Amino acid sequence: MRKLLSIFLVFPGLLVAQKQALTTFVNPFIGTQNAGHTYPGATVPFGSVQLSPDTDTIPMLVNGQYQKDVYRYCAGYQYEDSTIVGFSHTHFSGTGHSDLGDILIMPSNGAIQWNPGTESHPEKGYRSTFQHVNEHASPGLYSVFLDEPKVQVKLTTTDRVGIHQYQFSTSKDNHVMLDLTHGIYNYSDKNVWCFVRMENDTLLTGYRQTNGWGRTRTVYFAISFSKPVENYGFKNVKPSSYNGFWRIFDVENNFPEAAGEGLKAAFSFGNESMVMIKVALSPVSIDGALLNLKSECPHWNFDAYAKDAESRWNEALNMIQADFITPEEKTTFYTSLYHTLLGPTLYMDVDGQYKGLDQRIHRADGFTNYTTFSLWDTYRAQHPFLNLMVPKTNADMIQSMLAHYDQSVHHMLPVWSHYANENWCMIGYHSVSVIADAMVKNNPGFDYKRAFEASVTTSNQRQYQGIAAYLDYHYVPENLSGNSVSKTLEYAYDDWCIAQMSNKLGLDTFSQIYVKRAQSFEQQFDPKIGFMRPRLSDGSFKKEFDVLSTHGQGFIEGNAWNYSLYVPQDPKRLMEMMGGEKRFIEHLDSLFTMSLPDKYFAETEDIMRDGIIGNYVHGNEPSHHVPYLYNYTSQPWKTQSCTRMILPKQYKAKPDGLGGNDDCGQMSAWYVFSSLGFYPVAPGSPNYALTSPSVTHAILHFADGKQLEIKTKKQSAQNVYIQSVTLNGVPLELPQITHSQITGGGILEITLGPKPNKTLFRP
């Protein structure tokens, strides 16, 4: 009953909706090949457990040198691989760097082998070959047949528990391996310590501490077996030089506890042909894991757990009921919606306790605590989507950010945080964007004044990423802090967000300060060449400069052609700086049609050919607002044609269907918004830019019970231009729609055609 209630609290607008079986349109394999970096395994919306297969064990470092192939395994799984190493319980979705892969379990039989083996010789370890024809994934359920041990595997989850079902084809020498050394982006010293304790013949408890992207991260677990373990053993594959007097024991044979840096375990079930395993995780303690296990998984009915996970996903997906011309488009849409709802992830026990950034134990008071904040990516569309469709959940995420701030010795909101750690990945202080977007759109679920104060303090943290120089020079000089242009532009946008908060709170003095700071982007523009360009501390522009290069030019994961358009808060001023509308449109037109040779992004992992159209890089986030900039000119129809071109080019219903990292749902959120026909160019503004929707019909069910129906007339692959658009029968005069107009509900009717209506939206 508790779990069912939580579903309705997150998705209350669906209580009166006619639900559809939308999980059938989700393909979790989309993005699992090449650079999408998604995983196919089982989870629930925003769940803390992501139980998924890992297909290789490539180390991050060999002899201290980075191994480029490890980048393919940010989510642990690559569709083109032919073997599975095992099933681990934590995964990032779509990231360009990684961690996690905790608590790997693998069924096996015959002689116990402590090593995983290799892809070319799986028989030398516990890994197994598999065939995609014998593999299935749907929301909340994953299954595969392992060839070598001949085991049918089924996986599902609750919020905090991974549930395994292993059907062995033989009834002799069946066992299960537990590998606590396994990890994603692994290296020799990543494991700090492990501890395990056999409480009885069906219960194992313990923890694993790692030093990775999260500098100090501990995962506690409780593992329950459906059948008594006949024999078991632990092996420390990285023994310490001093074992104390523990050396008197033989821990490899039925000894009930072990500790070490490199622990593995084997559990034998003799002649049992079917074994279930429940793995509960906790960020706090073994007792927390046991409580989570007891609360969420009281029985051994696997099908009931899987059905519940599917039901929760159907509940979540039904927030938008959409139809398309082709089945492929519908699959791409609902898979994108699925990916958008994977994170941020739940990070607390059922009693509300969690480990904070200060490594102390806290209790979430009046909110649900979350982690996995990839904010450089998700502030752009994923969080605005959550703010629109599940505002209470997004407000809880903001409260989680504020808790992070309270626990931060740096007095900063999160930049990229996970598992009680700040990993400082990327730039900007984009928590303020998420907060401003919620405040401007009147999300009531957090303390506005406290959030504003945290935002101001964060924006003045002089130790962080060139902020001292930014405050002193009103731009970031390249000789003082690298990626300087990107930093200046993103700080300026974030400062504009703080100005919007100031306006909301009626704080005119702060508003004036941050409006002025938000104009800092002007300092980076070189009118002689018409591009943003790095400046030095003496005021001069950097002499050696290539507008096409992505490396060493003052930008991060982008070049001057793309980043020069990053002024989402003030496109009109940007247009003036670039020489007026004509020159601005020419820049946009050229961006989508010019050629970008491979050499210009050879040094950047996150930019790949598949994600590039002309010189427009859709496979990475800094350009996601760019197609919508035509809306700020007299040629808004070009936004319509651009977005309708990008949708099928960059998103496909197949494993390699993403042209870049999904980045915790940002790529997918762009697809969802653009398919519906509107997009948040500048989160923190109440306005969304309009475009041509690809849906034939859609209903958005909001948390307060209202709904917006989107009707398109004459929808086709050729009819990509808006001929007319009305909201509740009233024509929209501008190529934009406000948040209140959307959430107010009613009918948005859009008529499409094969040619631009150049008189539409004209003043």
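Of the listed requirements (1) polar (S, T, N, Q); (2) under 20 Å from S282 (Cα atoms); (3) touching a helix residue (DSSP H, G or I) at 6+ places or on another chain (Cβ under 8 Å), T332 misses just one: (2).
Filter the stretch 695-713 for residues that are without any contact (Cβ under 8 Å) to a residue 60 or more places away in the chain and not aliphatic (A, V, I, L, M) and give the result. Across the stretch 695-713, the qualifying residues are E709, K711, T712, K713. Looking across the stretch 209-249 at every residue that is β-branched (V, I, T) and either in a strand (DSSP E or B) or out of contact with any strand residue (DSSP E or B) (no Cβ under 9 Å at 6 or more places or on another chain) (or both), the one that is farthest from V49 (Cα to Cα) is identified as I248.
Please note which helices (runs of 4 or more DSSP H) are completely contained in the stretch 399-494 and include at least 2 residues that are farther than 18 Å from L536 by Cβ, at pLDDT 95 or above and touching a strand residue (DSSP E or B) at 6+ places or on another chain (Cβ under 7 Å).
In the stretch 399-494, the matching helices (runs of 4 or more DSSP H) lie at 431-440.
Results for (1) within 23 Å of the chain's Cα centre (by Cα); (2) hydrophobic (A, V, I, L, M, F, W, C), shown as yes or no for each residue.
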{"position": "S400", "(1), (2)": "yes, no"}
{"position": "P414", "(1), (2)": "yes, no"}
{"position": "M426", "(1), (2)": "yes, yes"}
{"position": "M439", "(1), (2)": "yes, yes"}
{"position": "N442", "(1), (2)": "no, no"}
{"position": "Y448", "(1), (2)": "no, no"}
{"position": "E453", "(1), (2)": "no, no"}
{"position": "V456", "(1), (2)": "no, yes"}
{"position": "R462", "(1), (2)": "no, no"}
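Which condition does S668 not pass, out of (1) among the polar types (S, T, N, Q); (2) crowded, with 24+ Cβ neighbours inside 10 Å; (3) closer than 24 Å to Q500 by Cβ, if it passes all the others? Only one criterion is unmet by S668, namely (3).
Residues of the stretch 569-582 that are surrounded by fewer than 20 Cβ atoms within 10 Å (Cβ to Cβ) and either under 13 Å from L629 (Cβ atoms) or hydroxyl-bearing (S, T, Y) (or both): D570, K572, R573, E581.
Can you pull out every residue in the stretch 148-177 that is crowded, with 23+ Cβ neighbours inside 10 Å and not in a strand (DSSP E or B)? Listed by number, the residues that qualify are T158, D159, R160. Taking every residue in the stretch 449-477 that is among the charged types (D, E, K, R) and pairing it with any residue that is assigned to a helix (DSSP H, G or I), at least 6 positions away or on another chain, the pairs with Cβ-Cβ distances below 7 Å are K449/L505; R450/L402; R462/A468; R462/L471.
Among residues of the stretch 565-580 that are within 11 Å of P527 (Cα to Cα), those with a beta-carbon under 7 Å from a residue that is among the charged types (D, E, K, R) and modelled with pLDDT of 95 or more at least six positions away or on a different chain give the pairs M577/E522.
Do you know which residues across the stretch 178-192 are more than 18 Å from A222 (Cβ to Cβ) and part of a strand (DSSP E or B)? N191, V192, listed by residue number. Considering only the stretch 654-661, I want to know if a residue exists there that is polar (S, T, N, Q) and closer than 22 Å to E749 by Cβ. Looking through the stretch 654-661, none of the residues is polar (S, T, N, Q) and closer than 22 Å to E749 by Cβ. Would you point out the residue of the stretch 387-413, among those that are of a type in the set (A, V, I, L, M, F, W, C) and more than 12 Å from V434 (Cβ to Cβ), that is surrounded by the fewest Cβ atoms within 10 Å (Cβ to Cβ)? Checked the stretch 387-413; the qualifying residue surrounded by the fewest Cβ atoms within 10 Å (Cβ to Cβ) is V409.
Consider the stretch 371-398. How many of its residues are outside any helix (DSSP H, G or I) and among the polar types (S, T, N, Q)? Break it down into steps so the answer makes sense when it comes.
We begin by selecting, within the stretch 371-398, every residue outside any helix (DSSP H, G or I); these are 371-374, 379-381, 390.
This time we only want the ones that are among the polar types (S, T, N, Q), so: 371-372, 374.
Number satisfying all stated conditions: 3.
Quick check: is even one residue across the stretch 504-511 buried (at least 22 other Cβ atoms within 10 Å of the Cβ) and under 31 Å from the mean Cα position of the chain (by Cα)?
Checked the stretch 504-511: no residue is buried (at least 22 other Cβ atoms within 10 Å of the Cβ) and under 31 Å from the mean Cα position of the chain (by Cα).
Close contacts from the stretch 656-679, counting a first residue that is in contact (Cβ under 8 Å) with a residue 12 or more places away in the chain and a second that is of a type in the set (K, R) and buried (at least 24 other Cβ atoms within 10 Å of the Cβ), with Cβ to Cβ under 9 Å and a gap of 6+ residues or different chains, come to Q666/R380; A669/R380; W670/R380.
Within the stretch 453-506, the set of residues being hydroxyl-bearing (S, T, Y) and in contact with a Ser or Thr (Cβ under 6 Å, 6 or more places away or on another chain) comprises Y475, T488, S502.
Within the stretch 305-322, track down each residue that is farther than 16 Å from A42 by Cβ and acidic (D, E).
Scanning the stretch 305-322 gives a single hit, E315.
Any chance the stretch 593-600 includes a residue that's at pLDDT 95 or above and under 14 Å from H625 (Cβ atoms)? Among the residues of the stretch 593-600, not one is at pLDDT 95 or above and under 14 Å from H625 (Cβ atoms), which makes the answer no. S108 meets the conditions (1) within 27 Å of the chain's Cα centre (by Cα); (2) closer than 28 Å to N236 by Cβ; (3) assigned to a strand (DSSP E or B) in every case but one. The failed one is (1).
Checking each residue in the stretch 72-101 for being charged (D, E, K, R), surrounded by fewer than 24 Cβ atoms within 10 Å (Cβ to Cβ) and either in contact with a Gly (Cβ under 7 Å, 6 or more places away or on another chain) or in a loop (DSSP other than H, G, I, E, B) (or both) picks out E80, D81.
Could you list all residues from the stretch 584-634 that are among the aliphatic types (A, V, I, L, M) and assigned to a helix (DSSP H, G or I)? Even if it seems obvious, please write down each step before you answer.
First pass over the stretch 584-634, keeping only residues among the aliphatic types (A, V, I, L, M): 585, 588, 591, 594, 596, 602, 607-608, 612-613, 617, 626, 629.
Correct list: I585, L588, L591, V626, L629.
Condition check for Y242 on (1) surrounded by 14 or more Cβ atoms within 10 Å (Cβ to Cβ); (2) more than 25 Å from R360 (Cα to Cα); (3) not β-branched (V, I, T): one failure, at (1).
Residue check: D538 meets all listed conditions (1) in a loop (DSSP other than H, G, I, E, B); (2) buried (at least 18 other Cβ atoms within 10 Å of the Cβ) but one, namely (2).
Can you find even one residue in the stretch 524-533 that is part of a loop (DSSP other than H, G, I, E, B), in contact (Cβ under 8 Å) with a residue 40 or more places away in the chain and closer than 25 Å to G619 by Cα? Among the residues of the stretch 524-533, at least one is part of a loop (DSSP other than H, G, I, E, B), in contact (Cβ under 8 Å) with a residue 40 or more places away in the chain and closer than 25 Å to G619 by Cα, which makes the answer yes. Taking the stretch 44-60 as the range and being under 22 Å from P122 (Cα atoms) and either surrounded by fewer than 24 Cβ atoms within 10 Å (Cβ to Cβ) or touching a helix residue (DSSP H, G or I) at 6+ places or on another chain (Cβ under 8 Å) (or both) as the test, the residues that pass are D54, T55, D56, I58, P59, M60. Could you figure out which of (1) crowded, with 19+ Cβ neighbours inside 10 Å; (2) farther than 17 Å from P754 by Cβ; (3) in contact (Cβ under 8 Å) with a residue 60 or more places away in the chain isn't true of S692? Of (1) crowded, with 19+ Cβ neighbours inside 10 Å; (2) farther than 17 Å from P754 by Cβ; (3) in contact (Cβ under 8 Å) with a residue 60 or more places away in the chain, only one is false for S692: (2).
The values are calculated or read from the model by the stated rules, or taken from the named source; none is laboratory data. Since the structure is predicted, the reported quantities are computational estimates derived from the model, not experimental observations. Cβ sites come from the backbone with ideal geometry, for glycine too, and all protein chains shown count toward neighbours.
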